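For reference, the structure is listed below as structure tokens.
The values are calculated or read from the model by the stated rules, or taken from the named source; none is laboratory data. Note that the structure is predicted; figures quoted are calculated from it, not measured. All Cβ positions, glycine included, derive from the backbone under ideal geometry; neighbour counts span all protein chains shown. In case anyone asks, the SASA skips ligands and DNA or RNA and just uses the protein heavy atoms, side chains included. Shrake-Rupley method; radii C 1.70, N 1.55, O 1.52, S 1.80 Å.
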Amino acid sequence: MMNWILLAFVPVILGATDPTPKTLYTMTTDVFPAFCSLIRNPILGPDAGNPIYDLVYSSFSPNPRQTDPIMRVEGVTKKYLDASQMGANDITDELSWPNEVAAVPDNIFALPQVWWAASGFFMTGKDDGEVALMSMTDMTYGKATPVTISSNPTGILWYYHRVEWHDMNQDGCTDAVTARSNGGGPAANYTQLVWFENPCSTQLTPNWDVHVLT
């Protein structure tokens with residue numbers, strides 16, 4: 001089976017007469033792509049006044065004994081016209097079934113670029129998910145080391161999809177808000193809306209205190 005990423009851009013220039021998305025590039029992969037996002041790359045950009053973005057996509061495998069990589073095509077918004085520059089690199093392969101990946105808002109940590117990833121799914125062997133942070137400027141051998149902030153004092157196996165950032169207790173430190181589920185089938189067995197309390201450290205620290213909203 002051939003897996004592929006399709007890049008398509010919608011013209012948004014004022015006065016554009018044809019808003020139909022245009023296929024620009026198709027890239028084959030050796031993983032099953034899941035969620036895709038464009039994340040600003042402050043190291044490569046801006047270029048001619050325009051920000052440069054990386055194409056980032058998570059991947060999944062039904063193999064319960066296998067973790068799944070998060071892939072990145074650096075500078076995709078600058079390089080997409082040259083297929084020879086469009087290679088994808090594995091930035092981490094330590095998470096099980098990663099879902100959405102995005103950048104943490106600026107000025108939360110004393111690091112120039114931090115990404116978050118939410119992982120897990122209801123399949124056996126993939127249902128022990130987490131919310132992790134990754135410094136994209138502190139990479140060993142080209143890979144980031146995920147720091148798990150989702151504490152789990154009850155031991156229930158949760159899986160996560162998305163993180164929103166908000167100062168929930170108004171202490172001046174931005175916290176991570178997320179939903180999580182346990183179990184599979186037509187509906188999850190348990191669901192929670194929670195927030196993980198930022199310990200107000202400028203560095204990446206694990207196991208933030210969890211607060212259940214509902």
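For the reader, a short list of remarks on this structure follows.
- Cβ-based charge dipole, the chain, positive-most Cα from 75, 132, 113: 75
- Rh by Kirkwood over Cα pairs, then Stokes-Einstein D for the chain at 1.306 mPa s and 10 °C, µm²/s: 86 µm²/s
- Set of lysines near residue 22 by C-alpha distance (under 30 Å), chain-local residues within fewer than 8 positions excluded: 78, 79
- Accessible area per residue for the chain is 54 Å², calculated with a 1.4 Å probe on protein heavy atoms, without ligands, DNA or RNA.
- Extension gain (nm, one decimal) between residue 124 and residue 89, 0.36 nm per residue minus Cα-Cα: 9.8 nm
- The separation of region 145-171 from region 81-140, counted between C-alpha centres, amounts to 14 Å.
- Among the cysteines of the chain, those whose beta-carbon sits 4.7 Å or more from every other cysteine beta-carbon are 36.
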